[in-house]
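Colleague: Quick one: the structure is below, and I'll ask about it shortly.
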Amino acid sequence: MSDVSAVKAALKSQVIETPSWGYGNSGTRFKVFAQPGVPRDPFEKLADAAQVHAHTGVAPKVSLHIPWDRVEDYAALTRYAEELGLRIGAINSNVFQDDDFKLGSVTHPDPEVRRKATDHLLECVDIMDATGSPDLKLWFSDGTNYPGQDDIAGRQDRLAEALAEVYERLGDDQRMLLEYKLFEPAFYTTDVPDWGTSYAHCLKLGPKAQVVVDTGHHAPGTNIEFIVAFLLREGKLGAFDFNSRFYADDDLMAGAADPFQLFRIMHEVVKNGGLKTETNVNFMLDQCHNIEAKIPAVIRSVTNVQEATAKALLIDAEALSAAQRSGDVLASNGVLMDAFNTDVRPLLAEVREELGLARDPFAAYLASGNQERIAADRVGGEQAGWGA
């Protein structure tokens, strides 16, 4: 896209959803690290998300996680979000932290456990109704640890049955987003291990079911941009969970480990219409900030996605297409590399200035004094974190 004004317009209209759990305490399997000023309830999580949106201008949506973000009055939570200039994004279910789900949730061999898990998913749809959320995001830790532990095909039947029941409960303007993960916590088989499994279930369910691509949920060397291009072509890419990883599902800041990969993904998004409103791809962060301050880390993640998007928008599409048609391998690659090597920070600074924001959102937040205020104000109570 050579028209700078068109690039700016696309960047101004971009929406990046942030996760409520990204503002809470997190860590490794060995230790969760507490920090001063961490939210103690969903309302304080929204307040922190509002800081990210206020400084970046492109993060008005917040994902909720149930039961971590369960409240008595969802109407009140929704009104508070609106007062902060936010809206509720995806509702994320949790069928992996209950003792009953040790052998699986919706694929468990016991029908009573499956009923409990499916009822939780239906509760999440009720919360969607109460908050105006358009998306139900599903991730299942279901799987087996040992050969022979359970019937692999039978578990797929159970999964399909539960998904179909929840799908039928969705409203006309709601959809189901099915995530996949190669491994963890199951060691032998995972019931939704890859995009093909998720795609197959979504295809059978219908148009309101789409695939979630989590950038950390793949085997080393997987070409994620191919998956993105394929799903966009089929109209089945519903959402991203952006993060970065060095080894497995590290959930580091987006673009931290491999900014070139994030650029390649965003190139396929731009080229295949993924930024268009009617395509309705939800660009969400799925990150746990273990050792870094939460709000600044989310701001950095948002700006990393913006930079990758800006570079993708600057690719000379005509030159790339001409080089591809002529079979000029080096010229084709050169067009992409020219865009990737462009310093887009001045362009994004101009975009923010035109939106009435500080040119550097990260520095502006640090100078705002908010980090010190929340550390002083949020004393006492129980901090939010994994399982809270």
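Colleague: Since Leu77 meets every condition but one in (1) in contact (Cβ under 8 Å) with a residue 40 or more places away in the chain; (2) outside any helix (DSSP H, G or I); (3) of a type outside the set (Gly, Ala, Ser), which condition does it not meet?
Modeller: Going through the list (1) in contact (Cβ under 8 Å) with a residue 40 or more places away in the chain; (2) outside any helix (DSSP H, G or I); (3) of a type outside the set (Gly, Ala, Ser), Leu77 breaks only (2).
Colleague: State which residue is nearest to Thr189 (Cα to Cα) when the search covers only the stretch 131-155 and only residues that are open to solvent by less than 50 Å² (accessible area, probe 1.4 Å) and in a helix (DSSP H, G or I). So that I can check it myself, show each step before the final result.
Modeller: Filtering the stretch 131-155 down to residues open to solvent by less than 50 Å² (accessible area, probe 1.4 Å) leaves 131, 133-144, 150, 154-155.
With the extra rule that they be in a helix (DSSP H, G or I), the set shrinks to 131, 154-155.
On the way: Thr131: 35, Gly154: 13, Arg155: 11 Å.
Looking at the filtered set, the residue picked out is Arg155.
Colleague: Looking at the stretch 149-186, which of the residues that are aromatic (Phe, Trp, Tyr) and modelled with pLDDT of 95 or more is nearest to the chain's Cα centre (by Cα)?
Modeller: Of the stretch 149-186, the ones aromatic (Phe, Trp, Tyr) are 167, 180, 183.
Of the ones still in play, those that are also modelled with pLDDT of 95 or more are 167, 180.
Working: Tyr167: 21, Tyr180: 12 Å.
Going through the qualifying residues, I end up with Tyr180.
Colleague: Name the pairs: first residue in the stretch 80-91 and crowded, with 24+ Cβ neighbours inside 10 Å, second residue assigned to a loop (DSSP other than H, G, I, E, B) and hydroxyl-bearing (Ser, Thr, Tyr), Cβ to Cβ under 6 Å, at least 6 apart or on different chains?
Modeller: Ile88/Ser133; Ile91/Ser133
Colleague: Enumerate the pairs (first residue in the stretch 140-159 and touching a residue at least 12 places away in the same chain (Cβ under 8 Å) and of a type in the set (Lys, Arg); second residue anywhere and in a loop (DSSP other than H, G, I, E, B) and open to solvent by 50 Å² or more (accessible area, probe 1.4 Å)) with beta-carbon separation below 9 Å, excluding pairs fewer than 6 apart on the same chain, so at least 6 apart or on different chains.
Modeller: If the second residue must be in a loop (DSSP other than H, G, I, E, B) and open to solvent by 50 Å² or more (accessible area, probe 1.4 Å), the pairs left are Arg155/Pro109; Arg158/Pro109.
Colleague: Then there is this: What about Thr303, is it open to solvent by 10 Å² or more (accessible area, probe 1.4 Å), β-branched (Val, Ile, Thr) and in contact with a Phe, Trp or Tyr (Cβ under 9 Å, 6 or more places away or on another chain)?
Modeller: Here the answer is yes, as Thr303 does meet what is asked.
Colleague: Name every residue in the stretch 19-40 that is in contact with a Gly (Cβ under 8 Å, 6 or more places away or on another chain), assigned to a loop (DSSP other than H, G, I, E, B), of a type outside the set (Lys, Arg) and open to solvent by 20 Å² or more (accessible area, probe 1.4 Å), in order of residue number. Before you say what the answer is, go through the steps one by one.
Modeller: Here is the first cut: in the stretch 19-40, the ones in contact with a Gly (Cβ under 8 Å, 6 or more places away or on another chain) are 24-26, 32-34, 38-40.
Of the ones still in play, those that are also assigned to a loop (DSSP other than H, G, I, E, B) are 24, 34, 38-40.
Those left that are additionally of a type outside the set (Lys, Arg): 24, 34, 38-39.
The one that is in contact with a Gly (Cβ under 8 Å, 6 or more places away or on another chain), assigned to a loop (DSSP other than H, G, I, E, B), of a type outside the set (Lys, Arg) and open to solvent by 20 Å² or more (accessible area, probe 1.4 Å): Ala34.
The values are calculated or read from the model by the stated rules, or taken from the named source; none is laboratory data. The structure presented is a predicted model; accordingly, all values stated were derived computationally and were not measured. Reconstructed Cβ throughout: ideal geometry from the backbone, glycine too, with neighbour counts over all protein chains shown. Quick note on the areas: whole protein, heavy atoms, side chains included, nothing else; ligands and nucleic acids left out. Shrake-Rupley method; radii C 1.70, N 1.55, O 1.52, S 1.80 Å.
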